[in-house]
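The values are calculated or read from the model by the stated rules, or taken from the named source; none is laboratory data. What you see is a predicted model; the values in this text were computed from it and never measured. Because the Cβ atoms are built from the backbone with ideal geometry, glycine has one as well, and the counts that use them run over all protein chains shown.
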Amino acid sequence: MTTISRPTPADRAEWDALWQAYIAFYESEVPAHVSDATFARILEDEQLHGAMARDASGRAIGIVHWLTHPATWSTGVYCYLEDLFVDPESRGSGTGRALIEHVRAWAAEHGAEKVYWLTQGHNATARALYDRVAVSTGFVHYEIEV
Ligand SMILES: CC(C)(COP(=O)(O)OP(=O)(O)OC[C@H]1O[C@@H](n2cnc3c(N)ncnc32)[C@H](O)[C@@H]1OP(=O)(O)O)[C@@H](O)C(=O)NCCC(=O)NCCS
């Protein structure tokens, strides 16, 4: 059975393994001091929030991170799901779905109006899941590095 819980300081090594694998999935790099700060802010649970999934043996197999922000189209907040990763060996058995549901339930409890996230158009595996649990808005994502 998969369990989902907030990370604690003792989870740093397992979180790091999943976080680094997630960054590698995007063929990207995050400086060590940023990873340190991210984990610290997730532990604070104020601006950034996170959860880890564990399998029946207690092994960490997935992570999800999210945050809320105000919105001009609402007096409430929106919940942005920023990172989602499941260990390749543990995929296809509902962990990704459970992590998204965890964020949805958290958002409902905290008065957010919606949960939203981005994915690359070609990420067919992730989209197979997302098409089952959410609505694709058709928006296209742009950004400017500053
Ligand atoms: C996307 C990701 C988090 C999904 O995790 P997961 O634990 O495998 O997802 P689930 O097992 O909950 O899958 C849910 C649904 O998608 C389907 N699915 C999962 N993998 C699939 C695949 N490779 N092809 C087709 N469908 C798939 C499952 O059948 C399941 O449907 P069901 O619940 O109706 O049977 C995982 O593949 C991952 O970490 N990918 C790399 C990182 C990534 O892309 N992150 C998201 C960035 S936006």
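Can you confirm whether the stretch 18-39 contains a residue that is aliphatic (A, V, I, L, M), on the phi < 0 side of the Ramachandran plot, within 14 Å of the ligand (Cβ to nearest atom) and touching a residue at least 40 places away in the same chain (Cβ under 8 Å)? Yes - at least one qualifying residue is present in the stretch 18-39. When Gln47 is tested against (1) touching a residue at least 24 places away in the same chain (Cβ under 8 Å); (2) part of a loop (DSSP other than H, G, I, E, B); (3) under 19 Å from Val115 (Cα atoms), only condition (1) is not met.
Within the stretch 105-129, the set of residues being in contact with a strand residue (DSSP E or B) (Cβ under 8 Å, 6 or more places away or on another chain) and more than 14 Å from the ligand (Cβ to nearest atom) comprises Trp106, Ala107, His110, Gly111, Ala112, Glu113, Lys114.
To keep it simple, each residue is scored yes or no on (1) part of a helix (DSSP H, G or I); (2) modelled with pLDDT under 95.
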residue	(1), (2)
Met1	no, yes
Pro7	no, no
Asp11	yes, no
Asp16	yes, no
Gln20	yes, no
Val30	no, no
Val34	yes, no
Thr38	yes, no
Ile42	yes, no
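From the list Thr68, Thr95, the one residue that fits, being crowded, with 19+ Cβ neighbours inside 10 Å, among the polar types (S, T, N, Q), touching a residue at least 40 places away in the same chain (Cβ under 8 Å) and within 16 Å of the ligand (Cβ to nearest atom), is Thr95. Among the residues of the stretch 84-100, those identified as closer than 18 Å to Ile23 by Cβ and of a type in the set (A, V, I, L, M, F, W, C) are Leu84, Phe85, Val86, Leu99. None of Glu89, Glu82 is over 23 Å from His110 (Cβ atoms), among the charged types (D, E, K, R) and within 16 Å of the ligand (Cβ to nearest atom) except Glu89. Is it true that Arg132 is out of contact with any Cys (no Cβ under 7 Å at 6 or more places or on another chain), near the ligand (Cβ under 10 Å from one of its atoms), at pLDDT 95 or above and more than 20 Å from Phe39 (Cβ to Cβ)? So Arg132 passes the test.
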